[in-house]
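What follows is a single structure, written as structure tokens, with notes after it.
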Amino acid sequence: MGKRLLVLGIGPSQVDLISAAKDMEMEVFACARDANGPGRLLVDEFRQIDIMDVGAVTAYAAEKKVHFVFSMGLEGAIPTIANVSDALGLPSFCRVANLPVLQDKARWREALGDMEGNVPYATGRTPEDFTHWRKYPAILKPVDGSGQRGVYRVNSHKELERVFVDAVKHSRKKELLLEEFVEGPEVSVNTFMHKGCLRFAVISDRISYSEYPGGIIREHHIPSQVVDDEVEKAIKTLVTEVNRKMGFENGHVYFQLKVQDGSPKLIEFTPRFDGCHMWRLIYESMGIDLRRVALEVLSTGESETLEHAQYQVPEGNFTLRFISDKPGTVFDQGNYEIPSNPLYLEWYYANGDKVKTVTGYLEKVGYIVFKE
């Protein structure tokens with residue numbers, strides 16, 4: 001294509017993006033605060049820049065005359081992509097004007113109002129701000145957090161007080177959101193908007209470890225085993241309305257929902273790819289590569305992949321399962337039981353590496369995609 005792409009970050013999710021861009025014959029540059037990610041060796045040039053430093057990223061993008069800036073799975077990259085793209089007149093899926101609402105979960109809850117699927121909530125900067133709350137159990141989370149950090153289920157105000165300090169340290173604004181806990185199975189929805197229309201949506205089961213707080217993910221399933229035709233219709237109505245109200249006209253938007261008594265309830269959404277490599281589960285099960293769709297739209301405003309895709313509900317059950325272990329563990333591939341004949345297997349560590357701390361409970365060391 002002869003295009004130049006600047007990727008923010010060089011972690012495992014960006015390896016997915018860099019690989020797609022290289023397959024499309026793009027020249028790829030990258031920047032990150034940490035120079036040790038696996039994507040560094042795959043790009044044409046790397047520069048050590050904190051992706052939160054909008055001025056430095058803008059200068060680098062201008063120097064390299066890139067055609068667009070993008071990232072996969074990084075919530076913190078969204079404002080930088082929007083601001084750099086706006087400053088340089090580059091295409092972007094997220095507008096600067098959308099950022100204040102998107103970066104504050106309380107503000108987007110407020111913006112959605114009494115829309116079907118929104119849930120009751122309250123905000124506060126101290127435990128005392130929540131003394132009026134009566135809907136327990138509830139979920140306590142940073143208003144500006146991501147990646148399940150600082151997220152707790154609390155069953156009383158006393159429990160809220162006990163975890164408040166740990167939760168609020170994950171908020172830059174030092175503000176927390178308390179939401180009504182929704183009972184029921186959790187699902188993800190990966191959507192792609194193009195020219196204001198919902199052009200793609202797939203619902204998948206999202207399975208977390210019940211023994212750890214914060215919703216640490218174990219695996220995803222396509223097709224969903226908990227959603228029938230009526231619930232699927234309600235889910236697609238919900239995500240379409242959220243995308244409309246938030247002004248998402250183009251690009252990938254990722255949703256986390258729960259299904260309570262046959263009704264979908266909105267837990268989270270974000271205008272980016274998820275951090276779980278769901279694009280690969282979708283590709284292996286349905287045959288459409290959403291990485292390529294995104295890069296085509298950014299490059300030309302159109303997507304031949306999206307136009308000509310013949311995707312459909314797959315035959316059989318497809319699973320993406322994370323292989324996880326305790327932080328600080330010395331990694332050894334031989335310690336893990338792997339399903340036979342996987343469609344895809346990737347390790348994040350080499351034998352002898354020490355597993356890094358992210359959640360503090362259980363960390364991803366790799367993932368596998370297989371069909372049952």
Practice task
Return the loop-located GluC sites (Glu not before Pro) in segment 1-80 (DSSP other than H, G, I, E, B) with at most 15 other Cβ atoms within 10 Å of their own Cβ; answer none if there are none.
Solution key: 25
Exercise for the section: Starting from the Cα of residue 64, step 7 Å along the direction of its Cβ; do the same at residue 347; then give the gap between the two resulting points in nm. Expected result: 3.0
Exercise for the section: Determine the share of segment 98-194's accessible area contributed by carbon and sulfur atoms, expressed in whole percent, with a 1.4 angstrom probe. Expected result: 49
Practice task
Identify all lysines with a Cα-Cα distance to residue 64 below 22 Å; exclude those on the same chain that are fewer than 8 residues away in sequence.
Solution key: 3, 22
Completion exercise
Charge dipole of the chain built from unit charges on the beta carbon (Lys, Arg +1; Asp, Glu -1), centred at mean Cα; most positive-end Cα among 318, 223, 37 is 37
Practice task
Summarise the long-distance tail of P(r) for segment 87-144 by giving the % of C-alpha pairs beyond 17 Å.
Solution key: 54
Problem - Dipole magnitude of the chain, debye to nearest 20 (Cβ charges: Lys/Arg +1, Asp/Glu -1, about Cα centre) - result: 920
Exercise for the section: In debye, nearest 20, what is the charge dipole magnitude of segment 1-88 about its Cα centre with +1 on Lys and Arg Cβ and -1 on Asp and Glu Cβ, if you could check? Expected result: 140
Completion exercise
Length gained if residue 228 through residue 125 is fully extended, taking 0.36 nm per residue and subtracting the Cα-Cα distance, is 33.1 nm
Handout entry: Gaussian network model of the chain, Cα within-10 Å springs - most flexible of 228, 289, 325
Key = 228
Exercise for the section: Please work out whether segment 203-293 counts as rounded, prolate or oblate from its C-alpha gyration tensor, where a ≥ b ≥ c are the square roots of the eigenvalues and a/c under 1.5 means rounded, while otherwise a/b larger than b/c means prolate and anything else oblate? Expected result: rounded
Handout entry: Filtered GluC sites (Glu not before Pro), segment 209-278: DSSP coil and at most 16 other beta carbons within 10 Å
Key = 211, 249
Problem - Unit charges on C-beta of K, R, D, E only; dipole of segment 59-138, Debye - result: 120
Exercise for the section: Could you grab the Rg to Rh ratio for segment 76-200? Cα atoms only, Kirkwood for Rh. Expected result: 1.02
Problem - R0 of 25 Å, Cβ-Cβ distance residue 114-residue 155: FRET efficiency to nearest 0.05 - result: 0.40
Handout entry: Gaussian network model of the chain, Cα within-10 Å springs - most flexible of 33, 172, 47
Key = 172
Practice task
Among the listed pairs 135/158; 105/158; 141/364, give every one whose C-alpha distance is greater than 20 Å.
Solution key: 105/158; 141/364
Handout entry: Inter-part distance where segment 153-225 and segment 298-324 are each reduced to a Cα centre, Å
Key = 23
Problem - the chain: most fluctuating residue of 79, 185, 339 per GNM, C-alpha cutoff 10 Å - result: 339
Handout entry: segment 151-186: GluC sites (Glu not before Pro) falling in loop per DSSP and having at most 12 other Cβ within 10 Å
Key = 183
Exercise for the section: Provide the per residue accessible area, probe 1.4 Å, for segment 1-69, rounded to a whole number of square angstrom. Expected result: 44
Exercise for the section: Can you bin segment 165-244 into rounded, prolate or oblate? Criterion: square roots of the alpha carbon gyration tensor eigenvalues sorted a ≥ b ≥ c, rounded for a/c under 1.5, prolate for a/b above b/c, oblate for the rest. Expected result: oblate
Fill in the blank from the handout: Using alpha carbon positions and the Kirkwood radius, the Rg to Rh ratio of the chain is 0.94
Exercise for the section: Over the alpha-carbon set of segment 139-201, divide Rg by the Kirkwood Rh and report the Rg/Rh ratio to two decimals. Expected result: 1.14
Problem - Computed accessible area, residue 31, all protein chains, 1.4 angstrom probe, square angstrom - result: 0
Handout entry: FRET E, pair residue 41, residue 173, Förster distance 30 Å, beta-carbon r, rounded to 0.05
Key = 0.25
Problem - Relative contact order (percent, whole number), the chain, Cα cutoff 8 Å, 6+ residue spacing - result: 12
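The values are calculated or read from the model by the stated rules, or taken from the named source; none is laboratory data. Keep in mind it's a predicted model, so treat the numbers as computed, not measured. Ideal geometry is used to build each Cβ from the backbone, glycine not excepted, and the neighbour counts take in all protein chains shown. Side chains are part of the model used for accessible areas, which takes the heavy atoms of the whole protein and leaves out ligands, DNA and RNA. Shrake-Rupley method; radii C 1.70, N 1.55, O 1.52, S 1.80 Å.
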